[in-house]
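Participant: Can you read through this structure? Questions will come right after.
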Number of protein chains: 2
Amino acid sequence: MNKENTLDTMHHAAIRVKDVKETVEWYTQRFRCNVEYQDASWAMLAFENVRLAFVLAEQHPPHIAIIGDPGAYGEPKLHRDGTSSVYVKDPNGNNIEVLALAPEIAPAAKS
Amino acid sequence: MNKENTLDTMHHAAIRVKDVKETVEWYTQRFRCNVEYQDASWAMLAFENVRLAFVLAEQHPPHIAIIGDPGAYGEPKLHRDGTSSVYVKDPNGNNIEVLALAPEIAPAAKS
């Protein structure tokens with residue numbers, strides 16, 4: 001699907017939780033992971049190789065986010081952190097988020 | 001939780017599907033990933049950084065597998081491929097599989 005001869009990268013898996021704070025505590029007490037983001041409505045934990053997100057059932061569906069070109073799947077939604085994505089459903093109704101990372105800030109021109 | 005000063009690794013995320021073959025085709029047509037295992041009842045796709053498993057709803061719950069010490073969570077179940085694991089539930093009822101990889105075959109003693 002892409003040019004490079006490598007595999008695609010999963011950015012995160014998101015699972016539904018009832019209480020974000022309680023869930024973050026449960027995971028961080030049992031596993032070595034870093035809290036990348038946390039508020040009352042969602043959180044993102046970084047593991048060594050991939051992230052695990054917690055979302056409230058009434059706000060977000062559980063999903064798998066794969067880094068790719070969301071524009072190939074629809075009209076990308078731009079997020080506040082600079083990422084953009086499109087949600088698609090697999091044949092079973094599972095939600096897949098095709099996610100483009102925020103563009104790098106162009107470095108200052110070398111002189 | 002462990003000795004090394006690194007983060008834990010997610011081995012795979014497993015999502016429920018109705019038809020394994022159809023689902024593998026859908027993902028491999030859209031994303032760059034390798035089919036590590038596939039039969040009629042489950043499949044494992046390898047992405048660059050982590051695996052995505054497909055399980056039949058009537059056979060397995062959706063789950064997140066994290067590499068760790070299953071013995072710290074219960075009586076590990078030994079699988080045919082040499083791995084062993086224990087399933088635990090987070091406070092929301094999400095299934096977490098704590099998975100120990102198969103032990104390496106001991107290399108021949110150096111002489």
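Participant: Tally time: how many residues in the range B:1-28 are facing another protein chain (nearest Cβ under 7 Å) and either part of a strand (DSSP E or B) or at pLDDT below 95 (or both)?
Facilitator: 8
Participant: Being more than 25 Å from residue A:16 (Cα to Cα) and within 10 Å of the chain's Cα centre (by Cα) is the filter here, so list the residues in the range B:59-99 that pass it.
Facilitator: Within the range B:59-99, B:83 is the sole residue that qualifies.
Participant: Would you call residue A:74 of a type outside the set (A, V, I, L, M, F, W, C), exposed (fewer than 12 other Cβ atoms within 10 Å of the Cβ) and at pLDDT 95 or above?
Facilitator: Against the criterion (of a type outside the set (A, V, I, L, M, F, W, C), exposed (fewer than 12 other Cβ atoms within 10 Å of the Cβ) and at pLDDT 95 or above), residue A:74 does not qualify.
Participant: Another question, if that's okay. Could you give me the residue pairs with C-beta distances under 6 Å whose first residue belongs to the range B:11-24 and is in contact (Cβ under 8 Å) with a residue 12 or more places away in the chain and under 27 Å from residue B:102 (Cα atoms), whose second residue is among the aromatic types (Phe, Trp, Tyr) and in a strand (DSSP E or B) wherever it lies, and which are 6+ apart or on separate chains?
Facilitator: Once the first residue is in contact (Cβ under 8 Å) with a residue 12 or more places away in the chain and under 27 Å from residue B:102 (Cα atoms) and sits in the range B:11-24, its partners that are among the aromatic types (Phe, Trp, Tyr) and in a strand (DSSP E or B) give B:17/B:54; B:20/B:54.
Participant: I've got another one for you. Considering only residues that are in contact with a helix residue (DSSP H, G or I) (Cβ under 8 Å, 6 or more places away or on another chain) and in a loop (DSSP other than H, G, I, E, B), look in the range B:29-60 and name the one that is surrounded by the most Cβ atoms within 10 Å (Cβ to Cβ).
Facilitator: B:33
Participant: What's the number of the condition residue A:65 fails, among (1) in a strand (DSSP E or B); (2) out of contact with any Ser or Thr (no Cβ under 9 Å at 6 or more places or on another chain); (3) not acidic (Asp, Glu)?
Facilitator: For residue A:65, the failing item is (2).
The values are calculated or read from the model by the stated rules, or taken from the named source; none is laboratory data. What you see is a predicted model; the values in this text were computed from it and never measured. Don't worry about glycine lacking a Cβ; one is built from the backbone with ideal geometry, like all the others, and counts go over all protein chains shown.
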